[in-house]
Amino acid sequence: MLKMLGEYLILLVEIFKRPDKGPVFRSRLLTEFVGLGTDSIGIVVIISIFTGAIVAIQTAYNIDSPLIPLTMVGFTTRQMMILEFSPTIISLILAGKVGSRIASEIGTMRVTEQIDALRVMGVNPANYLILPKITASMLFNPVLIIFSMVIGIWGGWMACIVTGVVTSTDFIMGLRGWFEPFTVTYAIIKTVVFAFIISSVSGYLGYSIKGGSVEVGAASTKAVVYSSILIIFFDLILTQLLLI
Amino acid sequence: MIEVKNISKTFGDNQVLKNVSTIFEKGQTNLIIGQSGSGKTVLMKSCIGLIDPDEGEIIFDQRPFSRLAEKQKKDIRKDMGVLFQGGALFDSFNVEQNVMFPLNMFTTMSLEEKLDRVNFVLKRVNLENVNKLYPSEISGGMMKRVAIARAISNNPQYLFCDEPNSGLDPKTAEVIDALISEITEEYNMTTVINTHDMNSVLQIGQRINFLYKGQLWWQGDMHTILEEENPELQEFVFSTELTRRIKK
């Protein structure tokens, strides 16, 4: 485990060197925005709508006491989406989608000698391949997460209207009440950290492959597992540091 | 010219290269031959800087490559072209982008100049109208030719080819060998070819280095290799049924 951590840190030093050519880096960054960012919008929309809807219905279902106002449904949906569901659950989903993609893409390049080809051409492969992925993830994931918050809350509102468990007025009143803007800042900080974890850990696991196609599959699985565990672990640490 | 001086390399308990010294001459096709596990891939990877030898040094025209820091090695790397066994073309790039890659990274050419150069080298390797195809859409022989085009696109002084004929039919293999030989002469490059294909040895082996169990066992050329009495070399040269029958 310590050896792995050491290799990961050494790789990070290589990754964060100055890119060989600025225009090439910018072109690769744009490609990664599409591959890792915009291609994920579909799954983010679907997961967010249903998560928001489920949170709203479950909250309404659990309010038994007449002393608790039904406006709490809107409030709870907003808080749950902003604080936890959008940044953490969507990041876990992205760890599966984006993490496995990064590990398998870089891993395949390793086993087919494409990384060796870059190196003998005098290109820093870690910097060329992984830095645009980390940068794209750290810049685009917050956009995805804010999008997820909005869509999720809209999903909750729609669920309330369609099922009739809470009126639209009650939901919106709850949604607008007791809003603390720092919760959004907290969610964005978490997302940026999670994006770094997903892209750098998956990049490392793909880059350090030795062997063939079986190892590519194994690295892809490890990328999802390790990223997910680290996301949950850092979720706890960041929550402790930023909210308490 | 590339000088290999007393190179040794050990992995765990296995000494793969034992004090190997040789010279790869400019303007000639220098072959490294030997059975699988003889150390030829490790020798080539040491030459191109993918493996650091435990002892000895590699000198590219008076430039001590193996002793330089990674940053300083970069200048020599720009003069290298490498043809990997599987081609190592970038999957996400089409043929044109693959060949243009070294030009994008190391030159300040305009897009028009780069396209001209790409088309020139693709024509040189007898490939036309394939610019927009992806590696998955072309044959093994075409892949090798695109890889050669990429390797020579930036006018390298040194060309390294690792098993250029692996996975190719004999006819295509002959075409690739002839192409490498022609390019070497035309651009006066120092070409190093790692192979165990006896057709290649007899077709383009201007200088041959035979490795046996990590040691440089024999040196010669395509004209002398068949007459050599060395038993280990004979075992390698006449290892197939076809060559044994021809010998009889």
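Readers should treat all values here as calculations from the given coordinates under stated rules, not as data from a laboratory. Source: prediction; values computed, not measured. FYI the Cβ positions are ideal-geometry reconstructions off the backbone, even for glycines, and counts take in every protein chain you see.
Which of the residues spanning the stretch B:1-57 are assigned to a loop (DSSP other than H, G, I, E, B), closer than 23 Å to B:Gln85 by Cβ and of a type in the set (Gly, Ala, Ser)? Talk me through it step by step, then tell me what you get.
First, pick out the residues of the stretch B:1-57 that are assigned to a loop (DSSP other than H, G, I, E, B): B:1, B:12-13, B:25-28, B:34-39, B:48-54.
Of the ones still in play, those that are also closer than 23 Å to B:Gln85 by Cβ are B:28, B:34-39, B:48-53.
B:Gly34, B:Ser36, B:Gly37, B:Ser38, B:Gly39, B:Gly49, listed by residue number.
Does any residue in the stretch A:54-77 that is aromatic (Phe, Trp, Tyr) come within less than 6 Å, Cβ to Cβ, of a residue that is assigned to a loop (DSSP other than H, G, I, E, B) and surrounded by fewer than 19 Cβ atoms within 10 Å (Cβ to Cβ) six or more places away or on a different chain, and which pairs are these?
That search, which allows pairs on different chains as well, returns A:Phe75/A:Gly177.
Across the stretch B:44-66, which residue is nearest to B:Leu216 (Cα to Cα) among those that are within 12 Å of chain A (Cβ to nearest Cβ) and among the hydrophobic types (A, V, I, L, M, F, W, C)?
This residue is B:Met44.
A:Phe179 fails exactly one of the following numbered conditions: (1) more than 14 Å from chain B (Cβ to nearest Cβ); (2) of a type in the set (Phe, Trp, Tyr); (3) part of a helix (DSSP H, G or I). What is the number of that condition?
Among (1) more than 14 Å from chain B (Cβ to nearest Cβ); (2) of a type in the set (Phe, Trp, Tyr); (3) part of a helix (DSSP H, G or I), A:Phe179 violates only (3).
Which of the residues that make up the stretch B:215-225 are touching a residue at least 24 places away in the same chain (Cβ under 8 Å) and either among the aliphatic types (A, V, I, L, M) or within 14 Å of B:Leu202 (Cβ to Cβ) (or both)?
If the condition is that a residue be touching a residue at least 24 places away in the same chain (Cβ under 8 Å) and either among the aliphatic types (A, V, I, L, M) or within 14 Å of B:Leu202 (Cβ to Cβ) (or both), then B:Leu216, B:Ile225 are the ones that fit.
More than 14 Å from every other protein chain (Cβ to nearest Cβ), buried (at least 20 other Cβ atoms within 10 Å of the Cβ) and touching a residue at least 24 places away in the same chain (Cβ under 8 Å): does that describe A:Ala126? Talk me through it step by step, then tell me what you get.
Numbers: more than 14 Å from every other protein chain (Cβ to nearest Cβ): no; buried (at least 20 other Cβ atoms within 10 Å of the Cβ): yes; touching a residue at least 24 places away in the same chain (Cβ under 8 Å): yes.
Criteria not met by A:Ala126.
Evaluate the stretch A:9-21: report whether one residue or more is in contact with a Leu (Cβ under 6 Å, 6 or more places away or on another chain) and among the aliphatic types (A, V, I, L, M). Full working, then the answer.
Let us first name the residues in the stretch A:9-21 that are in contact with a Leu (Cβ under 6 Å, 6 or more places away or on another chain), namely A:15.
From what is left, the residues that are among the aliphatic types (A, V, I, L, M) are A:15.
Taking every residue of the stretch A:9-21 in turn, at least one turns out to be in contact with a Leu (Cβ under 6 Å, 6 or more places away or on another chain) and among the aliphatic types (A, V, I, L, M).
Are any residues in the stretch A:1-38 more than 14 Å from chain B (Cβ to nearest Cβ) and of a type in the set (D, E, K, R), and if so, which ones? Spell out how you get there, then give the answer.
Residues of the stretch A:1-38 more than 14 Å from chain B (Cβ to nearest Cβ): A:1-9, A:11-12, A:15-16, A:29, A:33, A:37-38.
Within the stretch A:1-38, A:Lys3, A:Glu7 meet the criteria.
Just to be sure I understand the filter: pairs with C-beta atoms under 9 Å, separated by 6 or more residues or on different chains, first member in the stretch A:135-161 and over 22 Å from A:Gly96 (Cβ atoms) and touching a residue at least 24 places away in the same chain (Cβ under 8 Å), second member among the polar types (S, T, N, Q) and not in a helix (DSSP H, G or I). Which pairs pass?
Qualifying pairs under 9 Å: A:Cys160/A:Thr167.
Could you list all residues from the stretch B:200-214 that are hydrophobic (A, V, I, L, M, F, W, C) and assigned to a strand (DSSP E or B)?
Going through the stretch B:200-214, the residues hydrophobic (A, V, I, L, M, F, W, C) turn out to be B:201-202, B:204, B:208, B:210-211.
Passing the criteria: B:Ile208, B:Phe210, B:Leu211.
Residue-by-condition table, conditions (1) over 21 Å from B:Gly27 (Cβ atoms); (2) of a type outside the set (Asp, Glu); (3) not in a helix (DSSP H, G or I):
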residue	(1), (2), (3)
B:Asn165	yes, yes, yes
B:Val175	yes, yes, no
B:Val192	no, yes, yes
B:Leu216	yes, yes, yes
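Which one is farthest from the chain's Cα centre (by Cα), of the residues in the stretch B:108-129 that are part of a loop (DSSP other than H, G, I, E, B) and surrounded by 16 or more Cβ atoms within 10 Å (Cβ to Cβ)?
Quick first cut of the stretch B:108-129, residues part of a loop (DSSP other than H, G, I, E, B) only: B:108-110, B:125-129.
Checking the rest, the ones that are also surrounded by 16 or more Cβ atoms within 10 Å (Cβ to Cβ) come to B:125, B:127.
Working: B:Val125: 16, B:Leu127: 20 Å.
Looking at residues that are part of a loop (DSSP other than H, G, I, E, B) and surrounded by 16 or more Cβ atoms within 10 Å (Cβ to Cβ), I get B:Leu127.
Being surrounded by fewer than 17 Cβ atoms within 10 Å (Cβ to Cβ) and closer than 22 Å to A:Ile90 by Cα is the filter here; which residues of the stretch A:148-178 pass it?
Passing the criteria: A:Val150, A:Trp154, A:Met158.
Here are some conditions: (1) without any contact (Cβ under 8 Å) to a residue 12 or more places away in the chain; (2) surrounded by 18 or more Cβ atoms within 10 Å (Cβ to Cβ). A:Ile46 meets all but one. Which one does it not meet?
Among (1) without any contact (Cβ under 8 Å) to a residue 12 or more places away in the chain; (2) surrounded by 18 or more Cβ atoms within 10 Å (Cβ to Cβ), the lone unmet condition for A:Ile46 is (2).
For residues that are within 18 Å of the chain's Cα centre (by Cα) and more than 9 Å from chain A (Cβ to nearest Cβ), scanning just the stretch B:67-101, find the one that is nearest to A:Gly122 (Cα to Cα). Before you say what the answer is, go through the steps one by one.
Pass one, the stretch B:67-101, residues within 18 Å of the chain's Cα centre (by Cα): B:76-89, B:99.
Those left that are additionally more than 9 Å from chain A (Cβ to nearest Cβ): B:79, B:83, B:99.
Numbers: B:Asp79: 10, B:Leu83: 15, B:Val99: 15 Å.
Result: B:Asp79.
How many residues does the stretch B:58-77 contain that are outside any helix (DSSP H, G or I) and surrounded by 18 or more Cβ atoms within 10 Å (Cβ to Cβ)? Quick ask: steps written out before the conclusion?
Restricting attention to the stretch B:58-77, the residues satisfying the condition of being outside any helix (DSSP H, G or I) are B:58-64, B:68-69.
Restricting the remaining residues to those that are surrounded by 18 or more Cβ atoms within 10 Å (Cβ to Cβ) gives B:58, B:60.
Result for the stretch B:58-77: 2.
Do we find a residue being under 29 Å from B:Ala178 (Cα atoms) and either surrounded by fewer than 16 Cβ atoms within 10 Å (Cβ to Cβ) or of a type outside the set (Lys, Arg) (or both) anywhere in the stretch B:6-16?
Of all residues in the stretch B:6-16, those under 29 Å from B:Ala178 (Cα atoms) come to none.
So far as the stretch B:6-16 goes, no, none of its residues is under 29 Å from B:Ala178 (Cα atoms) and either surrounded by fewer than 16 Cβ atoms within 10 Å (Cβ to Cβ) or of a type outside the set (Lys, Arg) (or both).
Can you tell me which residue among A:Ile90, A:Ile82, A:Ile68, A:Ile102 is among the β-branched types (Val, Ile, Thr), buried (at least 20 other Cβ atoms within 10 Å of the Cβ) and either within 14 Å of chain B (Cβ to nearest Cβ) or not in a helix (DSSP H, G or I) (or both)? Don't jump to the end; show me each part of the working.
Values: A:Ile90 fails: either within 14 Å of chain B (Cβ to nearest Cβ) or not in a helix (DSSP H, G or I) (or both); A:Ile82 fails: either within 14 Å of chain B (Cβ to nearest Cβ) or not in a helix (DSSP H, G or I) (or both); A:Ile68 fails: buried (at least 20 other Cβ atoms within 10 Å of the Cβ).
Of the residues listed, the single one that is among the β-branched types (Val, Ile, Thr), buried (at least 20 other Cβ atoms within 10 Å of the Cβ) and either within 14 Å of chain B (Cβ to nearest Cβ) or not in a helix (DSSP H, G or I) (or both) is A:Ile102.
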